[in-house]
Amino acid sequence: NSCRQGDPAADARLPIKQEGLDLFQKCKDGILLAKLINFSVPDTLDERVLNTKTNMNVFQMTENANVVVNSSKAIGCSVVNVGSSDIIVGTEHLMLGLIWQIIRIGLLSQITLANHPELFRLLEDGEDIADLLKLPPEQILLRWFNYHLKNAGHPRRVNNFSSDIADSECYTILLNQLDKQCNKDALNKSDPEDRAETMLQQADKLDCRKFVKPSDVARGQPKLN
């Protein structure tokens with residue numbers, strides 16, 4: 001359920017602690033984690049090797065968990081201190097860290113020259129494409145963001161996805177620059193969350209609102225942004 005987009009019940013979920021326990025319980029047999037890995041990086045693992053019967057024993061869950069750990073490592077996750085037992089018992093901080101890494105890799109995997117040859121426009125003086133591709137995906141996104149702010153004639157630049165976007169101003173300018181159907185009405189709002197909600201309504205026109213809530217923007221939650 002956590003992989004669904006546009007969930008209308010997003011604001012009526014279980015308390016965080018209860019929801020987290022439910023997440024760990026549903027991931028302990030490794031099947032959902034394996035599917036998440038294949039969703040993020042298709043064809044990473046052959047799901048036919050997984051045990052899928054109901055009421056699996058510990059040995060069968062361990063086999064699945066070992067596949068998950070090895071596949072996570074294969075796509076670039078850091079799995080230091082993460083073992084099959086951590087998945088089965090649901091070691092909270094290790095599980096959350098692993099899940100976030102898998103999601104992050106999936107989200108950023110498309111930021112490549114092969115998928116987006118127009119990235120060459122982001123080169124700065126004295127750089128070649130190899131220099132650009134050495135940058136972490138987050139830095140390429142920031143450079144892309146600032147490229148559009150500059151083309152819009154806006155004086156501000158963003159250096160992070162936390163404090164620099166919290167007032168929704170740069171987001172509003174970016175969206176308007178990408179598509180003029182996205183208006184700048186958010187700039188007329190003074191309350192940060194009201195402004196963020198108005199900005200996100202414009203983002204929704206481009207189908208890029210997804211899970212982000214006004215509070216995530218106003219409080220500068222970098223992972224969601």
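The values are calculated or read from the model by the stated rules, or taken from the named source; none is laboratory data. No experiment lies behind these values; they were computed from the predicted model shown. All Cβ positions, glycine included, derive from the backbone under ideal geometry; neighbour counts span all protein chains shown. Just the protein is used for accessible areas: all its heavy atoms, side chains included, with ligands, DNA and RNA removed. Shrake-Rupley method; radii C 1.70, N 1.55, O 1.52, S 1.80 Å.
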Select from the range 29-56 the residues that are aliphatic (A, V, I, L, M) and open to solvent by 70 Å² or more (accessible area, probe 1.4 Å) and write down the one among them that is nearest to Ile102 (Cα to Cα).
-> Leu32
(1) at pLDDT below 95; (2) open to solvent by less than 40 Å² (accessible area, probe 1.4 Å): which one isn't true of Ile165, the others all being true?
-> (1)
Need at least 3 residues that are farther than 30 Å from Ile129 by Cα and in contact with a Gly (Cβ under 6 Å, 6 or more places away or on another chain) per element, so show me which helices (runs of 4 or more DSSP H) inside the range 36-117 make the cut, counting only ones lying wholly within it.
-> 58-74
Out of all the residues in the range 110-119, which are surrounded by 12 or more Cβ atoms within 10 Å (Cβ to Cβ) and under 23 Å from Asn225 (Cβ atoms)?
-> Ile111, Thr112, His116, Leu119
For Ile75, state whether it is modelled with pLDDT of 95 or more, of a type outside the set (S, T, N, Q) and surrounded by 14 or more Cβ atoms within 10 Å (Cβ to Cβ).
-> no
Here the residues within the range 78-95 that are touching a residue at least 60 places away in the same chain (Cβ under 8 Å), open to solvent by 40 Å² or more (accessible area, probe 1.4 Å) and of a type outside the set (Val, Ile, Thr) are Glu92
The range 125-159, residues that are at pLDDT 90 or above, open to solvent by less than 70 Å² (accessible area, probe 1.4 Å) and assigned to a loop (DSSP other than H, G, I, E, B) = Ala152, Gly153, His154, Arg156, Val158
Among the residues of the range 196-205, is there at least one that is open to solvent by less than 50 Å² (accessible area, probe 1.4 Å), in a helix (DSSP H, G or I) and among the acidic types (Asp, Glu)?
-> no
Could you grab me the full set of residues in the range 145-162 that are hydrophobic (A, V, I, L, M, F, W, C) and either more than 23 Å from Arg219 (Cα to Cα) or free of Cβ contacts under 8 Å to residues at least 24 places away in the same chain (or both)?
-> Ala152, Val158
Give the number of residues within the range 142-154 that are within 15 Å of Asn225 (Cβ to Cβ) and touching a helix residue (DSSP H, G or I) at 6+ places or on another chain (Cβ under 8 Å).
-> 2
Only one of Leu107, Leu122 is open to solvent by 20 Å² or more (accessible area, probe 1.4 Å) and among the aliphatic types (A, V, I, L, M); which?
-> Leu107
Give the residues of the range 206-222 that are surrounded by 15 or more Cβ atoms within 10 Å (Cβ to Cβ) and in a helix (DSSP H, G or I), sorted by residue number.
-> Pro214, Asp216, Val217, Ala218
Only one of Thr91, Thr54, Thr62 that is of a type in the set (Val, Ile, Thr), at pLDDT below 95 and touching a helix residue (DSSP H, G or I) at 6+ places or on another chain (Cβ under 9 Å) | Thr91
Sole residue being assigned to a loop (DSSP other than H, G, I, E, B), modelled with pLDDT under 95 and surrounded by fewer than 19 Cβ atoms within 10 Å (Cβ to Cβ), chosen from Asn183, Asn225 | Asn225
Taking the range 168-180 and keeping only residues that are open to solvent by less than 20 Å² (accessible area, probe 1.4 Å), in a helix (DSSP H, G or I) and either among the basic types (Lys, Arg) or under 16 Å from Pro222 (Cα atoms) (or both), one is left with Cys170
